[in-house]
Amino acid sequence: MEDKQGNRNYREVTKADWRRFAWILLIFVLVITASSFLLLPGYWSLWFFIIFVITFLLIAWHTKNFAYQCPKCDEIFEISIITNFLGPNNFDRKYLKCPLCGKRGWAKVLKIVH
Ligand SMILES: [Zn+2]
């Protein structure tokens, strides 16, 4: 699959992608849990900083690796880290406004092939 400019490739999200994502999420949760035990309540500002950084890294990784397909016009588009952070998720879909047709809908997640 290519976008309208043909400069990027996309494909359906596979089970292997989900598995990798699940592992990353698990490590993310473990790091948060471990740092909570080690740093709270004495070093809450350091704890807050660590949570902030790893949350940012997780979302940055997700933003760089996944694109979305408009349910109305099939346009494939990528989103910003902030949009990724704020937009509501529903398993393999995300509620987004399409940059081409301007309609809001549950856009399907696609993997970006680098
Ligand atoms: Zn659209």
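Where a number appears in this text, it was derived from the coordinates with a stated rule and is not lab data. Just so we're clear, the structure is a prediction, and the values are computed from it rather than from any experiment. Ideal geometry is used to build each Cβ from the backbone, glycine not excepted, and the neighbour counts take in all protein chains shown.
Highest mean packing comes first when the peptides 91-103, 35-47 are listed by Cβ atoms within 10 Å, giving 91-103, 35-47. In the chain, helical runs assigned H by DSSP with n ≥ 4 each contribute -39500 (n - 2.57); averaged across all residues and rounded to the nearest 500, the mean residue ellipticity at 222 nm is -15500 deg cm²/dmol. Distance between the 7 Å Cα→Cβ label points at L25 and R93: 1.7 nm.
Listed by chain and number, the lysines placed with their C-alpha closer than 16 angstrom to that of K72 are K4, K94, K97, K103, K108; residues fewer than eight positions away on the same chain are left out. Taking amide H as placed 1.01 Å from N in the peptide plane, F66 has its amide H under 5 Å from the amide H of I112, each at least 5 places away in sequence or on another chain. Shape analysis of the range 9-113 yields a ratio of the Cα radius of gyration to the Kirkwood radius, Rg/Rh, of 1.07. Karplus-derived 3J(HN,Hα) values for the range 16-26, using 6.51 cos²θ - 1.76 cosθ + 1.60 with θ = phi - 60°, are 5, 4, 4, 4, 4, 5, 4, 5, 4, 5, 5 Hz; glycine and proline are entered as x. Across the range 73-86, rounded Karplus estimates of 3J(HN,Hα) from the backbone phi angles (6.51 cos²θ - 1.76 cosθ + 1.60, θ = phi - 60°) give 10, 6, 4, 9, 9, 9, 10, 7, 4, 5, 4, 4, 5, 8 Hz, Gly and Pro being marked x. Spacing of the modelled spin labels on R104 and R11, each 7 Å from Cα toward Cβ, amounts to 3.4 nm. Note that the range 36-50 has calculated 3J(HN,Hα) couplings of 5, 5, 6, 10, 8, x, x, 10, 4, 6, 5, 4, 4, 4, 4 Hz, one per residue in order, obtained from phi through the Karplus relation 6.51 cos²θ - 1.76 cosθ + 1.60 (θ = phi - 60°); glycine and proline are x.
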